[in-house]
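Asker: The structure that follows is given in the form of structure tokens.
Here, each number is a calculation from the coordinates, and none is a lab measurement. Just so you know, these numbers come straight off a predicted model, no measurement behind them. When we count neighbours, we look across all protein chains shown, and the Cβ atoms used for this are built from the backbone with ideal geometry, even at glycine.
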Amino acid sequence: MMKSYLFFLAFLPMLAASAMVFIKPARPRQIIAIAVLLAAFICSILVFIKMPAPVSLKIFSEYSAILGPNRLSGFILFFINFFGLLTAVYSSSYTQVKDNRFYFTYLVTLIVFSNLAALSVDFISLIFSWGALLALLYALLSLGQGQSASKALSIVGFGDFSLLLGVALYVLSSGSAMMPEGLGLALDNPVKWASFILMLSGAFAKAGCMPLHTWIPDAAEEAPVPVMAIFPASLDKLLGIYLLARISTGFFVLNNYALALLLLAGSLTIIIAGMMALIQHDLRKLLAYYAISQAGYMVIGFGAGSAIGIAAGLFHMLNNAVYNSGLFLSGGAVAQRKNTFDLNKLGGLAIFMPLEFVCVLVFSLSISGIPPFNGFVSKWMLYQSMISGLFDVKSLLLRGVFLFALVAAMFGSMLTLASFIKVLYSVFLGQDSSVNKQIGPENPWRIKLPLVVLSGLCVVFGLFPNLFIKLVYEPWMNRTISLISGWPGVVAVMVLFLALFLGVVNWHLSGRGRLVLRRDAAFIGGEAPDFRTGFPGTEFYRTIEDGPVLKKIYRLMSLSGTDFYNLIEGFLRFVAYIIKGITLGLGLPFEMFARVLTKVLRKYGKLKYFLPKVS
Amino acid sequence: MNPIPFCLLLSLAAALLVAVSPRRFKPHLLVVSMLVNFSAALYFVGGLTRQVNYTFQLEFNRWLCLSFAVEGLNTFVFTVFSFTALLISIYCLGQEAWEKNHFCASVANLSFMVMAALFSTNLIFMFLFFEGACFCAFILNGLYSSSGDLKFRIKNIALSSLATLVLIFGIVNIYLNNNTLQLDFLIAKPMPGLLALFFLSAVLLKSAQALHLASKAGTAASCAPQAAVLNIALMTSLAFFIVARVLVLVFSQGQLFFDSLRAVSMCFIFSAAAFALLGSDIRNIIGSCALSQFGFILLCLAGARELSLRTAMVCMFANALAVTGLFLCADRIVQRTGKFSLREIGGLAKFMPYTATAFILCAFSLIGIPPFLGFWPKCLNVLSSVQQGHVFIEVMAVVGAFVTLFYLMRLFNKVFLGKVSACIWQDRPAPSDIVVLFIGALSLLSGLLPGWTYGFLRVFIK
């Protein structure tokens, strides 16, 4: 049974991807890509419903790959194909990529290897498909200028090699190359610790957690928006956090130190990425920092170690994939019309792009954790897990870390809200302060449809979080969880629709049956501007940026020396100089011998007999 | 009719024909000569599939016996060598300018020497043909046609002569201990650990010297295809074969030897990687990279199990393809820009998209990124060696693979991305581009279908 599913999830898309390279017109390539991804999506739904037994595929005599779903990986598989399909639909109208000869080949291949990674039951097939995603990350990022692609390759490659080594050490400890489902290994010796840290590096690099995150903002500036929407915003989070879930719940039994490590890493990721996002002037870079910051929430969920914490981490992973990819795609929709991502050159677009505005509003409220959207529920669950941890654990040190994580998570939400007030003001409200006020034609439905679907999901998961908890989490973990305060889903839906209905009635009754430009006093982030001609959104929070302490911190964070990539490069070059010196030193006797012999040959003029010159 | 002397004579005749033919026909005749070698390899593979044992013996006296045999390992190595050399010779069509260094004749002669050394089952003849191959390499490196960089060449001769002396000493010692030089009679005989180490060092020194000279920055005579030939002939084929066949498979070695082999492989990986990381000349970086990657092959051999040998063979095949591809890409770059230094080249991806694609495919295979062929040996070697308890060595090997990623991506960034500093016209798929693209595509396909690659190896390992 699983073999027939694999035909649609891997073999057929792979075949189509290979064929697409040889098709010259763009339209058939787009249609084929959407068709095979639709087939894969339908197949992923069937896999999730039927949960077929794993299948063993003989690769060569020493190794057979074992592929099959469990409740969590089936769910991940479903969303991989869902995001793949949405991105393909969106990309078929996105100017920067729709005509590219290789884009759809890369996209379909990306979904194939992501499917294989999610379905892997043994470590080797996981490493193989995981590593193949690295090559595809490079290929897709190279569609931009390519410089950031190499940085991404180096940092994520570091994570992948770490994962390989971590797996080797894990297999040494456990004696099996199969990924364990039940109780994992206790972290009671250095080899297991090393394995845990190395595997964690692999998951962190994929999910974009600190300190392995620096490739994401750079890539955001260069890569096409659909690539950012599918990679760091959705697939990387799904797979990276999926691996983290397997590490922290199946591979190892985490002790207090491991939990503290996760909590600290997650908290720092939230705060530092949130602070960096606050001062960005480029929409893509700002969103990239939020792709990083949100990963921190997921990590602290796993750091809580409790059932509700893990559920919160996984649910936040899903929610983040939905709204973050929605935000990137919305950014692309804006750029399609204004041809820029610079917040200084955008403004007043709500009247021209009302649908996109509503979608971005939903995404912004979701990412900021405002009810009744999905981000609120997962963050609420996270706060609950932090508070439970604070009271349940006995270690004073760990209590302190829980408190720090709780404060970081709440502060992170504030930073997020502040940043997205800036985004909404700069892009959709305020005034268009650019010299060229021209705007492109309206976006086609293929650009708008994914935004509508994703914003709809933000509402659905916000109102019905039990869809995830009851269908995925509880069957996978085999235990039940309860929220501190129940969420009346049906009542909430009714109230929401009633409010919307009343709003529409009010709008019509007020005699405004159409959209008009309205000038009004606006909230400008608490700033007091001293000029009257307008106030660009990028001036928001200038006082924070220029604050006496924060100014120095920002300067420190923007130094290239704090970038993981530069640190690694510097270290490798330093070691290389030492090794080169030693190697040359060992060859010194032969160097001296050659020097003496050369002098002798030159002195006695016999050189020409040995080495006659030929032009 | 015995096919072994026939094939050897045919190869020799083809090499002589290349040597005496007019200059403008030489590149074409070189292709024919390589085709002859490759056909011979395929014939031997067919024999192995049908389980026919080809042997040839001509006894002069008790210790001097000219004997050849077609076995699994030597046929595999010769197949890979002749296939890669054929690709290089196709690439070199139309390059008459290289004839001032006797390029075609040297390559044809080198191929014959490699063939004879691989199939020889007598140590003294194996040594003589190996020396012959090294001599061809020296000619190929322009040793007798340029007085530039004299000091470096003299150092090269000194080191090479020292290695020859060590090899002679080793062979004499083996004869005195066992009273024979026939490999068949030496199977499972003990070899003193120190002697094995000297033997290993001498073989590696001689092979690495030639490649190092070919890719040396500032050497007037060096060109990238020549370095590619030397890499495939001396390092990837002969050095690998001698270490695997003579030192690992024939003689019974102790743990000391295998630990030393691991240490030597680490030296190769890291010292060459250091030069590659700090280098600024394309040929030099790729040459150092080739030496560094040879360390990974040695590391696979150090596993001393059947799986290790099979992994080493896949690693050798992957390296042969990828390094050849990188050298040929380097040659394309140098031909188009006339420059070797990274400081003078940049932004070429826009002008040379085919070369850039081939370069990145080969680089990914060499680094060991899935789904390329280079991934499988690296992954399997790490997993199996850690199981044997060699944790530290494998940690270092993974670090080495990461360093490879770092310097190859640095090279790609500097040459193909960034600011355009040198290039004149738009790239069109020339025959040479098709060759490098074919090599890159083969690395990808064979990695995607490892079952075929490993299944193919079954013909050679029983």
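Asker: Jot down the per residue volume, in cubic angstrom and as a whole number, of the convex hull over the alpha-carbon atoms of chain A.
Answerer: 241 Å³
Asker: What are the DSSP H helices in chain B that stretch 27 Å or more along their long axis, judged by alpha-carbon atoms, and whose average Kyte-Doolittle hydropathy comes to at least 1.0?
Answerer: B:26-49, B:72-91, B:150-178, B:193-214, B:255-278, B:282-301, B:391-416
Asker: Taking every residue in B:270-278, how many Cβ atoms of other protein chains lie within 10 Å of its Cβ, on average?
Answerer: Mean partner-chain Cβ count within 10 Å for B:270-278: 6.
Asker: If each residue's Cβ is checked for other Cβ atoms within 10 Å, how do A:Thr95, B:Thr337 rank with the fewest at the top?
Answerer: Taking fewest neighbouring Cβ atoms as first place, the list is A:Thr95, B:Thr337.
Asker: Under the 0.36 nm per residue contour assumption, what length would be gained going from the current alpha-carbon distance of B:Trp452 and B:Ser201 to full extension?
Answerer: Between B:Trp452 and B:Ser201, full extension yields an extra 86.9 nm.
Asker: Okay, moving on. With the Cα gyration tensor of the protein assembly as shown in hand, give its eigenvalues times 5 under a square root as the equivalent ellipsoid semi-axes, listed largest first in whole angstrom.
Answerer: 59, 31, 27
Asker: Also, I was wondering about something else. Given bins 10 angstrom wide, list per bin the percent of all Cα-Cα distances in region B:200-284, short to long.
Answerer: The calculated distribution, bin by bin, is 16, 43, 29, 10, 1.
Asker: Here is a further query. In degrees, nearest 10, range 0 to 90: what is the angle between the Cα axis of helix A:548-558 and the longest Cα principal axis of chain A?
Answerer: In chain A, helix A:548-558 runs at an angle near 50 degrees to the longest axis.
Asker: Let me confirm one metric for peptide B:403-416, namely the mean number of other chain beta-carbon atoms within 10 Å of its residues' beta-carbons.
Answerer: Rounded to a whole number, the mean comes out at 4.
Asker: If you don't mind, another one. Determine, for each peptide in A:67-80, A:105-118, the mean count of other beta carbons within 10 angstrom over its residues, then list the peptides with the highest first.
Answerer: Ranked by mean Cβ neighbours within 10 Å, highest first: A:105-118, A:67-80.
Asker: Further question: Mind checking the alpha-carbon convex hull of region A:60-153 and giving the volume per residue in Å³?
Answerer: Convex hull of Cα atoms, per residue: 106 Å³.
Asker: As a footprinting exposure proxy, order B:Ser111, B:Ser385 by other Cβ within 10 Å, with the fewest listed first.
Answerer: B:Ser385, B:Ser111
Asker: Would you list A:Leu397, B:Leu321, B:Leu86 from fewest to most Cβ contacts within 10 Å?
Answerer: A:Leu397, B:Leu86, B:Leu321
Asker: Mind running the shape call on region A:99-199? Use the C-alpha gyration tensor, a ≥ b ≥ c as the square roots of the eigenvalues: rounded below 1.5 for a/c, prolate if a/b tops b/c, oblate otherwise.
Answerer: Oblate, because a/c is 1.5 or more while a/b does not exceed b/c.
Asker: What is region A:221-329's relative contact order, in percent, from Cα pairs under 8 angstrom and six or more apart in sequence?
Answerer: Relative CO of region A:221-329 lands at 40 percent.
Asker: Give, as a single signed number, the net charge of other residues whose beta carbon lies under 15 Å from the beta carbon of B:Leu383, with Lys and Arg counted +1 and Asp and Glu -1.
Answerer: -1
Asker: Right, another one. Helix-only mean residue ellipticity at 222 nm, the protein assembly as shown, DSSP H runs n ≥ 4 weighted -39,500 (n - 2.57), per residue, nearest 500. What is it?
Answerer: My calculation for the protein assembly as shown gives -23000 deg cm²/dmol from helical runs alone.
Asker: Per-residue mean of other chain beta-carbon atoms within 10 angstrom of the beta-carbon, peptide B:359-369?
Answerer: 3
Asker: Percent of alpha carbon pairs in chain B separated by more than 41 Å?
Answerer: 11 percent
Asker: Follow-up question, since we're still on this one. Hey, rough spin-label estimate for A:Phe391 and A:Leu588, points 7 angstrom out along Cα→Cβ, what's it come to in nanometres?
Answerer: Taking the two extended label points, one gets 7.0 nm.
Asker: Projected onto the charge dipole of region A:45-180 (+1 at Lys/Arg Cβ, -1 at Asp/Glu Cβ, origin at the Cα centre), which of A:Ile127, A:Phe113, A:Ile49 gives the Cα projection farthest towards the positive end?
Answerer: It is A:Ile49, whose Cα lies furthest towards the positive end.
Asker: Classify region B:318-462: rounded, prolate or oblate, from the alpha-carbon gyration tensor (a ≥ b ≥ c, eigenvalue square roots; a/c under 1.5 rounded; otherwise prolate if a/b is larger than b/c)?
Answerer: Since a/c reaches 1.5 but b/c is at least a/b, the shape of region B:318-462 is classed as oblate.
Asker: Given N residues in region A:1-65, what is its alpha carbon radius of gyration divided by 2.2 N^0.38 Å?
Answerer: The reported ratio for this selection is 1.34.
Asker: So if the hydrodynamic radius of region A:13-118 is defined as the Kirkwood radius over C-alpha pairs, what does Stokes-Einstein give as its diffusion coefficient at 4 °C and 1.567 mPa s, in µm² per second?
Answerer: 89 µm²/s
Asker: Okay, next question. Taking the Cα centre of the protein assembly as shown as origin, sum charge times position over the Cβ atoms of Lys and Arg (+1) and Asp and Glu (-1), and report the length of that vector in debye to the nearest 20.
Answerer: Charge dipole of the protein assembly as shown: 1680 debye, to the nearest 20.
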